[in-house]
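Have a look at the structure below, then the notes.
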Amino acid sequence: MPTTAVTPRQHVLSNGLRVITIELPHLHTVSLVMYAKVGSRYETPASNGLSHFVEHMLFRGTERYPDSYALHLAIEDFGGTLYAETGRDYSLYQIAVHPESVPSALEVLGEIFHRPRFPDVDLERKLVLEEMLEDRDEDGREINIDDISRAAVWPDHPLGFKITGPAGNVERFAERDVRRHFQEFYGAANMILCISGAASEAEVLPLVQQHFDGLHPGQAATPLPPPEDQHEARFVYVENQGSQTSVQVLLRGVAEQDPDFTALTALGRILDDGMSTRLHYRICDQLGLAYYCAANLEPLHDTALFEVDSTSAHAKVPALLREQLALLTALRDRPPTAAELNKAKRRYRWDLEGTFDDPDSLAGWFGGTALFYQPEGYAEKVRRMEAVTGEDIMRVARRIIQPARLTVAAVGVLDKGLDREVEAIVRQFR
């Protein structure tokens, strides 16, 4: 058994910043991660893309490190690299370092959130627009299937917004917009600092107070709840010339705090948790319909997306989709075998235990989750999974595997009536 006695500890600064420490003395690295409730979900059509733009601008320098070169040189000089990621529900900023560099890393991280300069807006705008070109074809059409599918699942809602936003927004964002967004979402009450790895709470808390007590308090952001207005299956297709067509089958799932979430997690592992599980074996090994095919569960704090993602030759798409939907309805109609369920439970537990060797994963587990609710510990997660039955999996399958929760997106070439055939399969799904 691993050391399951890892105990996250929380301390709250006077300005409301929550600080979570996870002591892992057996490791040789420390991950410092700032989580913030900011992202496309908190935006409007006019501000869409601003969270991502602010993330870029925070790399541009601070009062002490006045430009991007000085900032990155300082971080790399003590062995770290600044990594950032803007999401829909939250964003993160991370520096992983050797334990002896923790004081320097905290000083720089505090600088970034306390005294950013936001210089060179026009130059950063060019870089963001360049980044956005990756998601468009030569005619300017959106071809990122993740963005296309989510816009179809949540039309006219911020959950369906593109994280980078539309080019028109990025082209007009000014320094005043960046500063306003930063002031609104980067207050202490809207963030959590997690320090995970070979660092003791007693040593890091005085440093945290020194470098983060000066952050303005702000207030916690509250996103719009997800809509529940879908009544039938949806299909969206974007033509994009290439040798294969990408297909996503999305089902609106249940949130992590829902009693059926653990059963949904088990369902996902029974469908796809290795090459011997149903999805890969049937789609790839038995039928040769695709080389790549995977199922994933994307949890948000109040909903989730269960996704089957694949690419195949254009002509195979109808057969591919039929088989994927058949695999899903089989889980809805019949319980998994005892062997399948036991294997899924073992692999879940082993993967969970593996996070005790990964300070980044532990930071996400106990730090990122805490932005929204109190995260469950190891013992409770394992207990819930061990209690899952075949009937539980059938129940959650019946909840989510239905037309009113289904969205199918395709990006590729579905000519000669293939698009109509695929749409008919979606519309006829029961």
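The values are calculated or read from the model by the stated rules, or taken from the named source; none is laboratory data. From a predicted model like this one, the values you see are computed outputs, not experimental measurements. Positions of Cβ are generated from backbone atoms using ideal geometry, with glycine treated the same way; all protein chains shown enter the neighbour counts. Ligands, DNA and RNA are excluded from the accessible area calculation, which covers all protein heavy atoms including side chains. Shrake-Rupley method; radii C 1.70, N 1.55, O 1.52, S 1.80 Å.
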Going through segment 250-305 in order, the residues found to be open to solvent by 20 Å² or more (accessible area, probe 1.4 Å), in contact (Cβ under 8 Å) with a residue 60 or more places away in the chain, within 22 Å of residue 339 (Cα to Cα) and acidic (Asp, Glu) are 273
Of (1) open to solvent by less than 40 Å² (accessible area, probe 1.4 Å); (2) in a loop (DSSP other than H, G, I, E, B); (3) of a type in the set (D, E, K, R); (4) within 24 Å of residue 369 (Cβ to Cβ), residue 162 satisfies every one except (4)
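So which strands (runs of 3 or more DSSP E) are wholly in segment 26-104 and hold at least 2 residues that are surrounded by fewer than 16 Cβ atoms within 10 Å (Cβ to Cβ) and free of Cβ contacts under 8 Å to residues at least 40 places away in the same chain?
Details: elements: 30-36, 82-86, 91-97.
Where strands (runs of 3 or more DSSP E) fall fully within segment 26-104 and carry at least 2 residues being surrounded by fewer than 16 Cβ atoms within 10 Å (Cβ to Cβ) and free of Cβ contacts under 8 Å to residues at least 40 places away in the same chain, they are 82-86.
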State whether one or more residues within segment 126-137 are open to solvent by 70 Å² or more (accessible area, probe 1.4 Å), closer than 30 Å to residue 204 by Cα, in contact with a His (Cβ under 8 Å, 6 or more places away or on another chain) and not hydroxyl-bearing (Ser, Thr, Tyr). no
Among the residues of segment 168-210, the number that are open to solvent by less than 10 Å² (accessible area, probe 1.4 Å), part of a loop (DSSP other than H, G, I, E, B) and under 30 Å from residue 130 (Cβ atoms) is 2
Per the filter on segment 211-249, residues farther than 23 Å from residue 154 by Cβ, part of a loop (DSSP other than H, G, I, E, B), touching a helix residue (DSSP H, G or I) at 6+ places or on another chain (Cβ under 6 Å) and open to solvent by 30 Å² or more (accessible area, probe 1.4 Å) are 214, 217, 218, 219
Result of the Cβ filter at 6 Å on segment 330-354, keeping first residues that are without any contact (Cβ under 8 Å) to a residue 60 or more places away in the chain and part of a helix (DSSP H, G or I) and partners that are among the aliphatic types (A, V, I, L, M) and crowded, with 17+ Cβ neighbours inside 10 Å, at least 6 apart or interchain, is 349/382
Listed by first then second residue, the pairs whose first member lies in segment 133-151 and is touching a residue at least 24 places away in the same chain (Cβ under 8 Å), whose partner is part of a loop (DSSP other than H, G, I, E, B) and acidic (Asp, Glu), with beta carbons under 6 Å and at least 6 positions apart or on separate chains, are 143/137
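State which residue is nearest to residue 236 (Cα to Cα) when the search covers only segment 112-132 and only residues that are free of Cβ contacts under 8 Å to residues at least 12 places away in the same chain and not basic (Lys, Arg).
Narrowing segment 112-132 to residues free of Cβ contacts under 8 Å to residues at least 12 places away in the same chain: 122-123, 126, 130.
After this cut, where a residue has to be not basic (Lys, Arg) as well, the list is 122-123, 130.
Working: 122: 35, 123: 35, 130: 26 Å.
So the residue we want is 130.
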